[in-house]
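The values are calculated or read from the model by the stated rules, or taken from the named source; none is laboratory data. Predicted, not measured: the structure shown is a model, and the values here were computed from it. We place every Cβ from the backbone using ideal geometry, glycine too, and count neighbours over all the protein chains shown. Areas reflect the complete protein model, heavy atoms only, side chains present, ligands, DNA and RNA absent. Shrake-Rupley method; radii C 1.70, N 1.55, O 1.52, S 1.80 Å.
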Amino acid sequence: MTVIADITVPADAFVLGRALRDVPNVEVELQRVVPLYEQVALLLWVVEGDRRAAEIALRDSPEIDVVTMITNTAGGTLFEVEWANDLDGVVRALRESRARVLEASGTAESWDFRLRFTTHENLSRCNILLTEDGIPVTLRHLYDPAHLPKPESLSTKQRDALLTAYRNGYFEVPRGITQTELAKRLDLSDSAFSQRVRRGVASLIEQTLLSEEQPRR
């Protein structure tokens, strides 16, 4: 039976976390589903922090073979990254348990993953492999896909930012809390918090209001 798990691991357990650990205030989001057992390349957005420093760090990493900048926008820089086949740590665990990465984002401290496993045995295999490598893993949520809400484009971090803002009166009139206060609670810069809220709101609009619009004639 398919199962979906939300986990958190230390940044130094993942190749991208190790590559970017010295980039101040870095925040990265994966672009799409990544079947790690079929390929060792992925697209990632650097959405916060020094993008040039992030690019240099990726290119200097001995574990990464190829780094290609795809596009640079106001909201972030998109890179394609390819790494070697013989990596250990999180990549090995996900590959050997045949996990599919549905969503992932990270900072210099930790990485959050939403993973799909085809069986509970594969989920257990992933946990065993992580434990064998001495990687502490936090299981945040475990889902039966049949009872998940419809697919959404909100990342875990965007969801947390929006819920924290809502629960603390940020959207009330007058506001019950300032952007700066919320940013401090989430240990973010004002800019990073603002970007998360804007991207989250934009995603919700696309999922609800735009999806309900009738085609114009």
- Selection count where residues are under 23 Å from E55 (Cβ atoms) and open to solvent by less than 50 Å² (accessible area, probe 1.4 Å), scope region 77-99: 10
- Message: Pairs please, first residue from region 111-123 and closer than 12 Å to M1 by Cβ, second anywhere and outside any helix (DSSP H, G or I) and basic (K, R), Cβ atoms under 7 Å, 6+ apart in sequence or on different chains.
- Response: R116/R100; T118/R98; N122/R98
- Query: Which condition does L102 not pass, out of (1) of a type in the set (A, V, I, L, M, F, W, C); (2) over 27 Å from D6 (Cβ atoms); (3) open to solvent by less than 70 Å² (accessible area, probe 1.4 Å); (4) modelled with pLDDT under 85, if it passes all the others?
  - Reply: (2)
- Among the residues of region 20-56, write down those that are open to solvent by less than 20 Å² (accessible area, probe 1.4 Å), modelled with pLDDT of 80 or more and either over 13 Å from the mean Cα position of the chain (by Cα) or among the hydroxyl-bearing types (S, T, Y) (or both). L20, V23, A54
- Query: Are any residues in region 174-195 at pLDDT below 85 and among the charged types (D, E, K, R), and if so, which ones?
  - Reply: R175, D187, D190
- Query: surrounded by 17 or more Cβ atoms within 10 Å (Cβ to Cβ) and not in a strand (DSSP E or B): does that describe R114?
  - Reply: no
- Message: Against the condition in a loop (DSSP other than H, G, I, E, B) and at pLDDT below 90, how does L87 come out, does it pass?
- Response: yes
- Note on the structure: Of the residues in region 71-98, those that are closer than 22 Å to R196 by Cβ and hydrophobic (A, V, I, L, M, F, W, C) come to A74, L78, F79
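For region 96-115, which positions are within 30 Å of N25 (Cβ to Cβ) and not hydrophobic (A, V, I, L, M, F, W, C)? Can you show your working first?
In the first step, residues of region 96-115 are kept if they are within 30 Å of N25 (Cβ to Cβ); the result is 99-115.
The answer is R100, E103, S105, G106, T107, E109, S110, D112, R114.
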